[in-house]
Structure formats: structure tokens, C-alpha cells
Amino acid sequence: MTRRQDLEHHRHSLGEIREIMNSMKTLAYMETRKLSRFLNAQHAAVRSIEDTAADFLSFHPETLPEVDETTRVYLLIGTERGFCGDFNQTLVRDLESTLETHPVGNPLLIAVGRKLHTLIENDARVTALIDGAGVVEEIAVVLNQMVRALSSLQEQHGMLTVYGLYHSGHDGIVMQKLLPSFQRYLHQPPRFPHPPVLNLSPTEFLRELTEQYLFAALHEMLYTSLMAENHNRVAHLEGAVKHLDDKSDELARQCNALRQEEIIEEIEVILLSAGNIDEDWRQHKSLRTKYSVKAKNSRIIDGKPTID
């Protein structure tokens, strides 16, 4: 009985854990539905700014001089929470692989997400550790902290070459160059016959367009990474829930087997008890018969009962 009770208690505990994990999986799935609405709009905003920059630079390439490589800064977008597999580990491995393939100077790192912090917090190249976003509503706060960290580095090192490294769902890990912006649009032929009409000087226009692009691109990175994180979390928790279900089924089979053994033992005890009762009854009946025969054969001799 004790063994079966222990298994039942264990199975009950697994059931409670399973309910918690299933709830977490549901929340992660709901977050992907919210993010899908934000992502579509953000993708469109970034593409619109890029098209505007390409159009502008085809007529005013002098406003964006080609620059040599400066201090490299890598923005690593990890996770704030766990239960998403090797999400952060693959990000760090990809970074190291990139740096080994293209070794340039002493790069600086800005890590976003506390689960990522634990992997690289002792790395001397890390200049800032920023808490990540657990839900889409927290992204604005994270973005402001990232901008402050970049501004601080720019004050210390001057012009920066900034790359974003993040998960992009089916596209895997993406490295996106953020600053200097729009370099790939230089020396492209105009797509339109007339230059865009500006209300600002070309230099001022490009500076404001760059600021808007950086703001939109960082938003896009954070949204995309959070979407990939939650997709990983759904898949990871779904596998965990299935494993718990399989384990619970196995425990249920063991409990049933033990219960069957207990029933068989109870039946054997009942049958043994019934056999003892039958034996006692036969012995009792035999004694009654014996005394009954003796009573019939008894007679009175000289006023005293005697038995032949």
C-alpha cells in the first residue's frame, strides 16, 4: 500500500507541474498573437524608411560619406525568462563564431536579457547589461535603456559601428548593421526622375531620418526576438508537457499493477479465511455427530447412565 501511495502522490505532483507548464505555454502562445500585430506594422515602417533613404541618397549621396570601420558594438538580444531551450546559448556561440571569422579590434558588447547575462556577465567586453522584455508592453522601456547605453558609448568612443544580433524565427540568428545607416544605398541609380521635395536641408533631413530608422529598427529587432523567444517557449513547454503526460501515464500503469496485486492478495486472504471457516465447521459438525451417536447408544444401568 505504501509503495502505491507514494506513486499516487508523485503522479499528483506531476499533474500540478503539468498544469503550470501548460498555462505558461498558453501565455506564450497568446504573446505571439499580440506580437504578430506589432511586427507587421513595424516591418512596414522599417521598409518605408529604407525606401525613403534609398530614394534620397540616389540624389544626395554627398550627405552620407563613406566611413572606415570604427569601434564595433554588438547588441545581443537574449531572453528575460527561461523555458526557451538553448536560445541564449546559440546566440553566444554565433557571436563567437562571427568574431573568430572577422576579428576586428576590440568589440564591445551590450547584452539584453537576464538569462543572457548569466552566460557573459564575466566577459570583459561587456559594457552594459540591460534587463529584457518579458511581454510586448515592456519593449519601450528596454529600447530606451539601449539608446542610453549607445549614447554613453558614443560619448566615450566617438563614431560607432553598431550591429544587432538576434533570433529571427525561421531565418535563424540575424546580424543586422544599424550604424552607420544606409551605407548599402550609396551609388545606386535613381528610381524616380525627380529628387524628393524637402522642407529641411539634405544634411538635416538625413540626420533625422537616421534617428527614425534606428528607433524603428531597434523596435523591429526587439519585437522579432521576442516573437522567436515565445515560439521557442511554446515548443519547449509543449515537449515538457508531453513528457509529463507520458510519465504520468507510466505511473498510472504502475499504480494499477500494484492495485491489482493488492486485490489478488486480498482475495487470497479471503479464500484462506473461508477455507479455515469451512474446516472449523467440518470439525464442529463431526463432533456434534459423534456426541449424537454416543447419546443414542447410552442406557441406564442400575439407575446410572452407561455407554456400551
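The values are calculated or read from the model by the stated rules, or taken from the named source; none is laboratory data. What you see is a predicted model, and the numbers here were worked out from it, not measured in a lab. Every residue, glycine among them, receives a Cβ derived from its backbone with ideal geometry; neighbour counts consider all protein chains shown.
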Determine if segment 148-164 includes at least one residue that is exposed (fewer than 14 other Cβ atoms within 10 Å of the Cβ), of a type outside the set (Ser, Thr, Tyr) and under 30 Å from Asn230 (Cβ atoms).
-> yes
Which of the residues that make up segment 61-101 are farther than 30 Å from Leu27 by Cβ and among the aliphatic types (A, V, I, L, M)?
-> Leu64, Val67, Val73, Leu99
Note: among Glu19, Glu96, just one is under 17 Å from Gln176 (Cα atoms), acidic (Asp, Glu) and free of Cβ contacts under 8 Å to residues at least 60 places away in the same chain, namely Glu96
Right, Pro190: in contact with a strand residue (DSSP E or B) (Cβ under 8 Å, 6 or more places away or on another chain), surrounded by fewer than 18 Cβ atoms within 10 Å (Cβ to Cβ), modelled with pLDDT under 95 and closer than 20 Å to Ala54 by Cβ or not?
-> no
Scan segment 199-245 residue by residue and report those that are without any contact (Cβ under 8 Å) to a residue 24 or more places away in the chain and over 20 Å from the mean Cα position of the chain (by Cα).
-> Asn199, Leu200, Ser201, Glu204, Arg207, Glu208, Glu211
Counting only residues that are among the polar types (S, T, N, Q) and surrounded by 15 or more Cβ atoms within 10 Å (Cβ to Cβ), which one in segment 88-100 is nearest to the chain's Cα centre (by Cα)?
-> Asn88
Output the number of the condition that Asn144 fails; it satisfies all remaining conditions of (1) surrounded by 16 or more Cβ atoms within 10 Å (Cβ to Cβ); (2) farther than 24 Å from Glu69 by Cα.
-> (1)
What pairs can you find where one residue is in segment 132-154 and closer than 15 Å to Arg81 by Cα, the other is crowded, with 16+ Cβ neighbours inside 10 Å and among the polar types (S, T, N, Q), and their Cβ atoms are less than 7 Å apart, with a gap of 6+ or different chains?
-> Gly132/Thr79
Sort out which residues of segment 206-257 are in contact with a helix residue (DSSP H, G or I) (Cβ under 7 Å, 6 or more places away or on another chain) and aromatic (Phe, Trp, Tyr), and write them in order of number.
-> Tyr213, Tyr223
Scanning for something surrounded by fewer than 16 Cβ atoms within 10 Å (Cβ to Cβ) and within 17 Å of Leu178 (Cα to Cα), does segment 71-87 turn up at least one residue?
-> no
For residues in segment 193-217 being in a helix (DSSP H, G or I) and β-branched (Val, Ile, Thr), which is surrounded by the most Cβ atoms within 10 Å (Cβ to Cβ)?
-> Thr210
What number goes with the only condition from (1) surrounded by fewer than 19 Cβ atoms within 10 Å (Cβ to Cβ); (2) touching a residue at least 60 places away in the same chain (Cβ under 8 Å); (3) not in a loop (DSSP other than H, G, I, E, B) that Glu66 does not pass?
-> (3)
Does segment 253-266 contain any residue that is of a type in the set (A, V, I, L, M, F, W, C), at pLDDT below 90, at negative phi and surrounded by 13 or more Cβ atoms within 10 Å (Cβ to Cβ)?
-> yes
